Amino acid sequence: MDEVIAKQEIRDLVLLYGMACDRDDAELLRQVYLPDGRDNRGEPNGLASEYIEAMSRLRAGSIMVAHQLTNHLIWVDGDVAEGEVRNVSHTVHTTDTGYAYRIMGGRYLDEYRRDGSGRWRIADRAAVVDWADGWPIDEAGARPRYGTTLSGADDETDPVYRVLSRARRGRAAW
């Protein structure tokens, strides 16, 4: 039963990673990694804190980022675990001529460890890109509005923080 609980806690951790990226929430993103956690994306390749700083700069031109985290294999060995997470990321960003949509598929190859409080954190992540595509889009596609339906945002103005009480309480809820 301990292994089942550990796997669910790790899956929740990975979903929090996706939420933090999609909302450009650097504070929450820092919490999913160990303080000395590493992240390998080619460039940057080093401390996760360096990746988080670089990602925040890269997100400046983004209108929307959405991660779909799918198949997640996890192998648990006490307070250490490894996992492969399949992902598809969607990005809408500004360009010199307007807007563009990008879709990428890949995998995260992770090592997880429990921290001093017993929470699982990402200790080491390698991001693998398996395929990518993209194309220009118009403003209607970049900033869709559907009547009175709530519109998403890639920051703390997103409806998740107003609608869900645990998200509203933020990082302390995790």
Quick check for me: using +1 on Lys/Arg Cβ and -1 on Asp/Glu Cβ, what's the dipole size of region 1-95 about its Cα centre, in debye to the nearest 20? 480 debye
Quick one: P(r) of region 78-156 from all Cα-Cα pairs, 5 Å bins, percents rounded to integers, in order of increasing distance. 3, 12, 15, 14, 14, 14, 11, 9, 6, 2, 0
Residues whose modelled amide H sits under 5 Å from the amide H of residue 64, counting only those 5 or more places away in sequence or on another chain, are 92
Tally the DSSP beta bridges in the chain and give the antiparallel ones as a percent, rounded to 5. 90 percent
Nearest-0.05 FRET efficiency for residue 95 and residue 73 at R0 = 30 Å, using Cβ-Cβ distance, is 0.25
Expressed as a whole percent, how much of the Cα-Cα distance distribution for region 1-121 exceeds 22 Å? 36 percent
Helix-only [θ] at 222 nm, the chain, -39500 (n - 2.57) per DSSP H run of 4+, per residue, nearest 500, equals -8500 deg cm²/dmol
Let me check I have the definition right: for region 41-88, take the eigenvalues of the Cα gyration tensor, multiply each by 5, take square roots. What are those semi-axes in whole Å, largest first? 26, 17, 8
Kindly express, to the nearest 10 degrees and within the range 0 to 90, the angle between helix 48-58's C-alpha long axis and the longest C-alpha principal axis of the chain. 0 degrees
If a paramagnetic tag sat 7 Å from the Cα of residue 145 along the Cα-Cβ line, which residues of region 40-77 would have the backbone N under 20 Å from that point? 63-65
Any chance you could give the angle, 0 to 90 degrees and rounded to 10, that helix 2-22 forms with the longest Cα principal axis of the chain? 30 degrees
Which value in nm describes the separation of the simple spin-label points at residue 164 and residue 3, placed 7 Å from the Cα toward the beta carbon? 2.9 nm
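What ranking, highest mean first, results for peptides 19-27, 122-130 when packing means the other Cβ atoms within 10 Å averaged over each residue?
The packing order, highest mean first, is 19-27, 122-130.
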Explain nothing, just the number: relative contact order of the chain, from Cα pairs under 8 Å at least 6 residues apart, as a whole percent. 20 percent
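Read the figures in this text as sums done on the coordinates, not as results from a lab. Just so you know, these numbers come straight off a predicted model, no measurement behind them. Heads up, the Cβs are rebuilt from the backbone with ideal geometry, glycines too, and the neighbour counts pull from every protein chain shown.
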